[in-house]
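Structure record follows, encoded as structure tokens.
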Amino acid sequence: MEGVVIATLIGVSLFVGGVVAWKTRLPAPLVLLALGIVLGYVPALGRIELPPELVLSLFLPALLYWESINTPVREVRRNLRVILMLSIPLVLVTAAAVAGAAHLAAFAWPVAIALGAIVAPTDATAVGPVTRLLPRRFRTTLRAESLINDGTALTIYAIAVFAIENHQEVDLGRGALAFVVAYAGGIVAGVVAAALAYGARRLVRGQTLLENTVSVLTPFVAYLIAEPVGASGVVAVVVCGLILTHFTPRLISARTRVQARGFWQLASGVVNAALFLLVGLQAHAVLDGLGGNPGPVLALGLLVAAVVMVVRLVWIYTTPYLIRALDRRPIQRTLRVSARQRLVTGWAGFRGAVSLAAALALPPGDGYPRDELIAITLVVIVVTLVVQGLTMPAVVRFARLPADPSELEEERLAEEAMRDAGAGALGPMAERLGTPDDIVERVRRQYEEAHPRTSDGRAPLWADGSEGELRRAVIAKKREAVIRLRDEGRIDDTILRRMEDRLDIEELRLSPIAADD
């Protein structure tokens with residue numbers, strides 16, 4: 001019963017924290033973190049520990065997969081250089097800067113490098129809510145960065161932990177080789193996992209429950225293929241998700257897609273919220289581990305937080321000018337942003353549960369300050385969420401980010417393509433299906449309207465017999481038209497997803513209710 005009580009208390013806390021964040025308009029991660037810190041002093045909840053393997057092998061793959069299947073591949077390709085610069089060299093530079101500061105504070109180099117790796121990456125679960133405030137390009141860049149940089153950081157982390165456990169210095173040659181293996185192996189593992197998932201989906205096509213079972217298993221299969229061979233499970237999950245985003249729209253039925261999106265939205269939202277609550281619950285135990293003199297460690301934590309924020313800002317305001325000096329192609333000039341606008345990217349450096357999980361996963365043992373590293377990590381998480389999280393809306397307003405008219409233009413293009421495809425397919429489909437002329441005329445009048453939906457904004461209700469069959473056949477043609485636009489690069493995956501949502505709802509409203517619905 002105790003486990004049920006604790007689970008219920010955590011669930012109620014998530015609800016309360018969500019309501020407080022909604023009513024106060026404060027960042028939900030920050031509210032949940034603060035609530036977790038307070039609840040950590042409740043005797044029943046203060047004993048809860050966050051198993052690091054739970055985050056690294058269960059929570060993280062699920063969250064990364066959901067983020068990756070919602071990341072537009074075309075926009076990733078367009079901004080690939082910026083994304084890679086943020087997710088690989090910036091992580092390396094940040095880890096080195098933190099390691100240098102920690103070494104000056106008398107930490108041995110392997111321990112200092114481990115600390116640098118722990119706090120270097122931004123966190124996908126923390127960055128996610130902020131991206132809703134931003135135009136598409138900035139949104140894609142930050143989301144993609146936070147998907148990839150965990151792989152860089154965890155590779156450095158593994159090298160440093162190996163040195164700590166074996167009481168030796170960090171081998172830079174071995175580290176470079178491990179880094180290459182992690183990324184190359186992660187890409188291969190992601191491709192293999194995507195191929196397996198695609199094949200499994202084809203095998204059970206039309207079976208909604210089995211198709212979505214494949215969906216749930218996919219990120220964990222990708223992670224488990226990569227990790228045992230020294231590859232990056234993070235990279236594998238992200239690559240797998242991006243590949244499936246491109247290839248599965250033609251394969252998945254409307255009913256399966258609606259069910260899957262509902263599941264992943266709920267699951268990722270609950271897991272995301274639970275992570276920050278659980279991070280806060282660790283604060284009590286961490287402070288107890290420091291004994292009676294936490295002052296020096298807290299001061300070092302503040303210093304490290306300042307280092308990670310300053311390094312990111314310096315990077316954002318130096319590397320673009322170096323790139324401009326080296327790459328003067330006209331197309332690159334169209335991608336430039338002003339110094340004012342770059343502040344948004346520079347300020348979005350939140351750290352989160354992945355950093356704490358890596359700190360908690362440090363091996364126990366004498367001879368190195370494990371408790372101090374955990375405490376420093378927690379301070380960095382709290383400071384970045386408080387300082388950057390609370391001020392981020394003001395930074396976005398200061399940046400005066402330009403509106404992205406292309407997103408609306410692409411949405412209109414997709415709507416026109418669907419309408420034209422529906423009208424063009426109506427005659428041939430009616431002839432093939434043998435639909436009566438009066439039904440064909442009634443359906444034709446709908447597609448002569450400017451908007452693909454009816455005048456009251458709703459799709460038509462379920463239609464039986466010939467009319468329902470005709471309408472569903474036309475929807476298939478409309479869906480194919482919008483997928484073709486995505487394949488041609490004229491719209492991105494975000495627009496495709498919006499159109500799919502409309503078509504899926506329309507198709508389900510026109511379909512009879514199945515026995516398993």
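The values are calculated or read from the model by the stated rules, or taken from the named source; none is laboratory data. Quick caveat: nothing in here was measured; it's all calculated off a predicted structure. We place every Cβ from the backbone using ideal geometry, glycine too, and count neighbours over all the protein chains shown.
At-a-glance table
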quantity: Subset of the stretch 65-75 (residues that are in a helix (DSSP H, G or I) and not hydrophobic (A, V, I, L, M, F, W, C)); calculated: Tyr65, Glu67, Ser68, Arg74, Glu75
quantity: Conditions (1) buried (at least 23 other Cβ atoms within 10 Å of the Cβ); (2) out of contact with any Phe, Trp or Tyr (no Cβ under 7 Å at 6 or more places or on another chain); number of the one not met by Thr384; calculated: (2)
quantity: Number of positions in the stretch 347-385 that are over 23 Å from the mean Cα position of the chain (by Cα) and of a type in the set (A, V, I, L, M, F, W, C); calculated: 6
quantity: Set Val297, Val383: member being part of a helix (DSSP H, G or I), of a type outside the set (Lys, Arg), over 30 Å from Arg137 (Cα atoms) and in contact with a helix residue (DSSP H, G or I) (Cβ under 8 Å, 6 or more places away or on another chain); calculated: Val297
quantity: Test: residue in the stretch 92-106 that is in a helix (DSSP H, G or I) and either within 18 Å of the chain's Cα centre (by Cα) or among the aromatic types (Phe, Trp, Tyr) (or both); calculated: no
quantity: Where Ala62 falls short, out of the listed (1) more than 25 Å from the chain's Cα centre (by Cα); (2) modelled with pLDDT of 85 or more; (3) assigned to a helix (DSSP H, G or I); calculated: (1)
quantity: Complete set of residues in the stretch 29-56 that are assigned to a helix (DSSP H, G or I), at pLDDT 75 or above and of a type in the set (Gly, Ala, Ser); calculated: Ala34, Gly36
quantity: Every residue from the stretch 392-407 that is of a type in the set (A, V, I, L, M) and either surrounded by 16 or more Cβ atoms within 10 Å (Cβ to Cβ) or not in a loop (DSSP other than H, G, I, E, B) (or both); calculated: Met392, Ala394, Val395, Val396, Ala399, Leu401
quantity: Residue in the stretch 364-380 that is modelled with the highest pLDDT, counting only those that are under 20 Å from Ala99 (Cβ atoms), assigned to a loop (DSSP other than H, G, I, E, B) and not small (Gly, Ala, Ser); calculated: Pro369
quantity: When residues of the stretch 464-478 are limited to those that are among the charged types (D, E, K, R) and surrounded by fewer than 22 Cβ atoms within 10 Å (Cβ to Cβ), the one modelled with the highest pLDDT; calculated: Lys477
quantity: Looking only at the stretch 244-272, and only at residues there that are among the β-branched types (Val, Ile, Thr) and more than 15 Å from the chain's Cα centre (by Cα), the one that is nearest to Ser68 (Cα to Cα); calculated: Thr248
quantity: Looking only at the stretch 232-255, and only at residues there that are out of contact with any helix residue (DSSP H, G or I) (no Cβ under 6 Å at 6 or more places or on another chain) and among the hydroxyl-bearing types (Ser, Thr, Tyr), the one that is farthest from Arg201 (Cα to Cα); calculated: Ser253
quantity: Matching option when the condition is among the aliphatic types (A, V, I, L, M), under 16 Å from Ser355 (Cβ atoms) and at pLDDT 90 or above, among Ala124, Ala97; calculated: Ala97
quantity: Residues satisfying the stated conditions in the stretch 181-211, i.e. surrounded by fewer than 17 Cβ atoms within 10 Å (Cβ to Cβ), part of a helix (DSSP H, G or I) and without any contact (Cβ under 8 Å) to a residue 24 or more places away in the chain; calculated: Ala195, Gly199, Leu203, Leu210
quantity: Filter result for Gly291 (closer than 26 Å to Leu45 by Cβ and either assigned to a loop (DSSP other than H, G, I, E, B) or in contact with an Asp or Glu (Cβ under 7 Å, 6 or more places away or on another chain) (or both)); calculated: yes
quantity: Matching option when the condition is within 25 Å of the chain's Cα centre (by Cα) and at pLDDT below 85, among Leu343, Leu326, Leu335, Leu313; calculated: Leu335
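For (1) in contact with a helix residue (DSSP H, G or I) (Cβ under 6 Å, 6 or more places away or on another chain); (2) under 30 Å from Val482 (Cβ atoms), each residue gets a yes or a no:
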| site | (1), (2) |
| --- | --- |
| Ile316 | yes, no |
| Ile323 | no, no |
| Asp327 | no, no |
| Gly352 | yes, no |
| Pro369 | no, no |
| Glu372 | yes, no |
| Gln388 | yes, no |
| Arg400 | no, no |
| Glu407 | yes, yes |
